[in-house]
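The values are calculated or read from the model by the stated rules, or taken from the named source; none is laboratory data. All values derive from a computational prediction rather than experimental measurement. Every residue, glycine as well, gets a Cβ built from its backbone with ideal geometry; the counts of neighbours run over all protein chains shown.
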Amino acid sequence: MLYGCALLGLWLTPSADLAKPRVVVLPYRSVDSYILVDAKIDGSPVKLLLDTGSNKTILNAGSVSKTELGVTRPVNRGAGIVGNALRLRVDLELAHQIMFSQPVAVMNLEELSKSFRIRFDGLLGQDILNQFRSVRIDYKNHVLELEQ
């Protein structure tokens, strides 16, 4: 009888593998200390600038192929950008395995890209990042670790 209880106790004990959170590794490229990640928007490849200070993910109007968009250039006002934006739901894919059907802001980010002197298709913001338990930047290996 004691043997049966011991087996039942082992069966009910969670495996160490099950208790471990899943970590998705997202490679990045660093340009002048900016972090660029590869992603897909509605199946098309894009480069997104990691922006931990942005509340929302913002896509450049030129990188969204759904419609002809009439959006204006953002204005840089101190710590943020201000401008007219269009709200649009897109399918966002990260690390070839994480998919979000996500509402994003769409703006003309051409001037911002020029002022940073790097080409990017949008800003990856908190609305995506906060869906993970933690986001770690591994500078040595050039990867973001997204813990689910």
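Candidates are the residues of region 97-141 that are out of contact with any strand residue (DSSP E or B) (no Cβ under 6 Å at 6 or more places or on another chain) and of a type in the set (S, T, N, Q); the one that is modelled with the lowest pLDDT is Gln97.
The C-beta contact set for region 105-123 (first residue more than 21 Å from Asn55 (Cα to Cα), second residue among the basic types (Lys, Arg) and surrounded by fewer than 19 Cβ atoms within 10 Å (Cβ to Cβ), distance under 6 angstrom, 6+ apart or interchain) is empty. Residues in region 116-131 that are outside any loop (DSSP other than H, G, I, E, B) and touching a Ser or Thr at 6+ places or on another chain (Cβ under 9 Å): Gly122, Leu123, Leu124, Gln126, Asp127, Ile128, Leu129. Of the residues in region 64-80, at least one is under 19 Å from the mean Cα position of the chain (by Cα) and either modelled with pLDDT of 60 or more or within 17 Å of Gln131 (Cβ to Cβ) (or both).
Can Tyr34 be described as modelled with pLDDT of 90 or more and out of contact with any Pro (no Cβ under 8 Å at 6 or more places or on another chain)? Yes.
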